[in-house]
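Every number in this text was worked out from the coordinates using simple rules, so none of it is lab data. Given the structure is predicted, the values throughout are model-derived calculations rather than measurements. Using ideal geometry, Cβ is built from the backbone for each residue, glycine included, and neighbour counts are taken over all protein chains shown.
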Amino acid sequence: MSLGTTLRVTRQRQVLLDELCKLYTHPTADELYQIARKRLPRISLGTVYRNLELMAEHGMIQKLEVGGTQKRFDGNAAPHYHVRCLKCGRLDDLNLPLDLDLDRQAGELTDFTILRHSLEFTGICPACR
Ligand SMILES: [Zn+2]
Ligand SMILES: [Zn+2]
């Protein structure tokens, strides 16, 4: 969701964005912190959290509210589906076409103006099977 203002791209945010876009694992803030520290030795975990939240609010990245304990982040800001392993927590992108008709149907069933939807499929990954 965009707040309608542009977020200034600081060096810290640029590094976080770079690293996040390189990963397809949907890392947690802690995991990104460990990676970002190698390029920004003085960055703190709090700064990483704050910047990730801000970038998600501005639609530059996605914050994923998925099953499991920790929030995870996605460098791909476009809506797409995910599949999660119930055993190890692995979270992959799922290359299923976005079903925009779901938004229309949800809008008809409620008083809401539907903006988007997200879908998470769960199962057991090949390594855990
Ligand atoms: Zn697994
Ligand atoms: Zn994703």
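Rank the residues THR28, THR5 as a footprinting-exposure proxy: fewest other Cβ atoms within 10 Å of their Cβ go first. Listed from fewest to most nearby Cβ atoms, that is THR5, THR28.
Per-residue ellipticity at 222 nm, computed for the chain from helices alone with -39500 (n - 2.57) per DSSP H run of at least four residues, works out to -10500 deg cm²/dmol.
When the chymotrypsin sites (Phe, Trp or Tyr not before Pro) in region 3-77 are filtered for DSSP coil states and for at most 13 other beta-carbon atoms within 10 Å of their beta-carbon, the remaining sites are TYR24. Determine the distance separating the Cα centre of region 2-47 from the Cα centre of region 88-122; give it in Å without decimals. Centre-to-centre (Cα) distance: 26 Å. Taking the Cα centre of the chain as reference, the dipole from Cβ charges on Lys and Arg (+1) and Asp and Glu (-1) amounts to some 880 debye. Per residue, the convex hull around the alpha carbon atoms of the chain comes to 130 Å³.
Here the Karplus curve 6.51 cos²θ - 1.76 cosθ + 1.60, taken at θ = phi - 60°, turns the phi angles of region 116-124 into couplings of 5, 9, 10, 9, 10, 8, 10, x, 10 Hz, with x standing for Gly and Pro. Overall shape of region 81-123 was characterised from the C-alpha gyration tensor. The equivalent ellipsoid obtained from it has semi-axes of 26, 11, 7 Å, in decreasing order. Dipole of region 1-116 computed with +1 at Lys/Arg Cβ and -1 at Asp/Glu Cβ about the Cα centre; of LEU54, HIS82, LEU96, farthest Cα towards the positive end is LEU54.
Full extension of the chain segment joining LEU54 with ARG116 gains 20.4 nm, where the gain is 0.36 nm per residue of separation less the Cα-Cα distance.
Note: relative contact order over the chain, using C-alpha pairs below 8 Å and six or more positions apart, is 23 percent.
Could you count how many Lys pairs in the chain have their Cα atoms under 18 Å apart, skipping same-chain pairs fewer than 8 positions apart? Count of close lysine pairs: 4. Would you mind calculating the gained length between LEU98 and ARG42 on full extension (0.36 nm times residue separation, minus the Cα-Cα distance), in nm to one decimal? Once the chain is fully extended between LEU98 and ARG42, it gains 16.1 nm.
Does region 11-57 classify as rounded, prolate or oblate by the C-alpha gyration tensor (a ≥ b ≥ c root eigenvalues; a/c under 1.5 gives rounded; else a/b over b/c gives prolate, otherwise oblate)?
rounded
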